[in-house]
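Chemist: Can you read through this structure? Questions will come right after.
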Amino acid sequence: MKQAHFRIEYTFKHALLHDVAYHMLSPDRCRDLHKAALAAGEEFNTESSSEKAEWLAFHAFHAGAWDRAVTHLQTAATRAIARSANRVAIEHLENALIAAEHLPKPDRTSVALDLRIYLRHALSQLGQVRRTLHHLEIAEQLATELNDRSRLGWVVSFKTNCLVLLRLYEEARTTGAQAQEIAREIGDRRLELRADFYVARAMRLLGAYSAAISTYRRAVHGIDEKPLDDFLILRRDSESAVRSLLGVTLAEVGDFDEAETQAAEALRRSSASEQPAPVMWSYWGTGMVKLLRGNAREAVGILDHLLNLCKAHDLDAYVSRISAALGCAMARSGQIGDGLRLLREAVSLDRSAEARTTHAFTLTALAEALLLAGDAEKALSHVTESLQQTVKYRERGEEAYARWLLATILSVGREDIDAAAREFQDAANLAVELGLKPLLAHCYLGLGDLDARCPGTRTRSGHCERGFMLLETLRMRQWIDLSRLRSVPLRVADRI
């Protein structure tokens, strides 16, 4: 009868004892143990190596098996980015860069280029714009050194987004054009669409709404023909972001039916994704379209869910804009105290954030909520700051909204009627030029309110009729009901 063989295994009851025992070993002995663990892990986890990537990466790194360490660390980072565990992904990718330094020269340069591109994906969702730009600038040098036009184009397109976030819009358009040129030169349709997306963001922020919409539509059409992503982790994120931002831009010009269609399609497509980022983009589009159309109560539920999603994952870059939108929706639906709390948090976050494109939006939204709360003095201070920023950075759409709100605040007091009328007219002129029909309707109603309040000093010009007619045409039912009840300035005046 054969004797059974038993293998005795030992384990540590406390992590500190494990660390002490581990550090008593010589460096060579540690490396040998890690090599053995790596070999065993790779042998027995061939089918699920991606699931064990983090464990395999740990042993490969400490074994000095640099090529396998890079492979497993990159796999672990990709999985982390997909679930928006971006801080974990950054740690893996920075370790992979260390490992890549030990590779032969040709491999080292190519691998380091890919790793820095992947770092961009994780860092950008945390709002670390300058750190992202730093890695992309090094990646640009590496791509140039390798004469790799394809990867150079992708790096330049990602730089475009960083420049947009830093409010360097004209520089972003120039850089984006460079990426588009490279894409056409090498026949890379996906790269061209990605560059289109970032250029459209710059266009919209500069107030070129028609051009932005055309560019977004071209990107959506291209995505439907062929997936936009050149890096697997970006596919659904790209689809949702393009459709979402197209929907929001369409809503700003009053094309609500198509805006809702695009937002609904983004939501439908992201529902099949297990990745938080695509879901975030689709909910952002849906919530903003409802808010812009006047469905503030419906927007609250969507944006509240979205804020919780971002806080539950490493999506720091989007918290301030979502908080501002949710605060605005709450204030408009009567939850002014809660709205003000969120808006103050959003403005505070923006003041310390590297990404700057939402600064004017959050300040204007806070000013509106303060006006609804009856604090016209503080509202005036915040909207003035917002207006100064929009003029400085040429954010013409945001400037139009800020001028409308400034006019609304000034119209609360009778002594500022003429100044209010000038600001309403300036906002209306901008709205006409940029094609912002919903805002134009609000400007007409504001001017109509001034006509009604000062019949002896102002000539009736049919402003109210034109405003209501435009709201009817745009089917903004909630705004129609609210405006016919009482205007914003009069409601605020009652509280002061």
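Throughout, read-outs are computed from the coordinates displayed, never taken from laboratory work. Note that the structure is predicted; figures quoted are calculated from it, not measured. Backbone-built Cβ (ideal geometry, glycine too); neighbour counts: all protein chains shown.
Chemist: Can you compute the charge dipole magnitude of the range 73-220 about its Cα centre, using +1 on each Lys and Arg Cβ and -1 on each Asp and Glu Cβ, nothing else charged? Give it in debye, rounded to the nearest 20.
Modeler: That gives the range 73-220 a dipole magnitude of about 580 debye.
Chemist: Something else about it: Cross-link partners among lysines for Lys52, C-alpha distance below 17 Å, same-chain residues fewer than 8 apart left out?
Modeler: Filter leaves Lys35.
Chemist: Okay, next question. Quick one: P(r) of the range 81-173 from all Cα-Cα pairs, 5 Å bins, percents rounded to integers, in order of increasing distance.
Modeler: Histogram of Cα-Cα distances, whole percents per bin: 3, 15, 24, 22, 20, 11, 4, 1, 0.
Chemist: Out of Trp404, Thr364, Ala419, whose Cα points farthest toward the positive end of the dipole of the range 363-480 (charges: +1 Lys, Arg; -1 Asp, Glu; placed on Cβ)?
Modeler: Of the options given, the answer is Trp404.
Chemist: Work out the P(r) tail for the chain: percent of alpha carbon pairs separated by more than 29 Å, whole number.
Modeler: 55
Chemist: Full-extension gain between Leu146 and Arg268, please, as 0.36 nm times their residue separation minus the C-alpha to C-alpha distance.
Modeler: 39.9 nm
Chemist: Using alpha-carbon pairs under 8 Å, 6+ residues apart, how would you state the relative contact order of the range 340-429 in percent?
Modeler: Value for the range 340-429: 21 percent.
Chemist: I need the helices of the chain that pass two filters: whole DSSP H segments spanning 18 Å or more by Cα along the axis, and mean Kyte-Doolittle score no lower than 0.5.
Modeler: 149-165, 296-312, 319-332, 359-372
Chemist: Quote the charge dipole size of the range 341-408 about the Cα centre in Debye, to the nearest 20; the model charges only the Cβ of Lys and Arg (+1) and of Asp and Glu (-1).
Modeler: That gives a dipole near 100 debye.
Chemist: Express in nm, to one decimal, how much length is gained between Arg83 and Ile417 on full extension, taking 0.36 nm for each residue of separation and deducting their alpha carbon distance.
Modeler: Gain in length upon complete extension: 114.9 nm.
Chemist: To the nearest 0.05, how large is the calculated FRET efficiency for Glu94 and Ser210 if R₀ is 41 Å and r is the Cβ-Cβ distance?
Modeler: Efficiency at R0 = 41 Å is approximately 0.45.
Chemist: Right, here's the next one. In terms of the Cα gyration tensor, with a ≥ b ≥ c the square roots of its eigenvalues, is the range 141-228 rounded because a/c is under 1.5, prolate because a/b exceeds b/c, or oblate?
Modeler: Oblate, because a/c is 1.5 or more while a/b does not exceed b/c.
Chemist: Let me ask you something else. Taking the Cα centre of the chain as origin and charging only Cβ (+1 Lys, Arg; -1 Asp, Glu), how large is the dipole, in debye to the nearest 20?
Modeler: That gives a dipole near 540 debye.
Chemist: Using every Cα-Cα pair within the range 114-267, state what percent have a distance larger than 18 Å.
Modeler: 57
Chemist: Roughly how compact is the range 337-424, stated as its Cα Rg over 2.2 N^0.38 Å to two decimals?
Modeler: 1.06
Chemist: May I ask you to list the GluC sites (Glu not before Pro) in the range 44-135 that are in a DSSP loop and have at most 16 other Cβ atoms within 10 Å of their Cβ?
Modeler: Sparse-neighbourhood loop GluC sites (Glu not before Pro): Glu47, Glu51, Glu101.
Chemist: Another question, if that's okay. Could you tell me which of Val248, Leu326, Thr215 has its Cα farthest along the dipole of the chain towards the positive end, charges placed at Cβ (Lys, Arg +1; Asp, Glu -1), taken about the Cα centre?
Modeler: It is Leu326.
Chemist: Another one. When only C-alpha pairs under 8 Å and at least 6 residues apart count, what is the relative contact order of the range 128-210, in percent?
Modeler: Relative contact order here is 28 percent.
Chemist: In addition: Please compute the contact order of the range 74-194 in relative form: average sequence separation of alpha-carbon pairs under 8 Å and at least six residues apart, divided by the residue count, as a percent.
Modeler: Averaging sequence separation for qualifying contacts and normalising by length gives 18 percent for the range 74-194.
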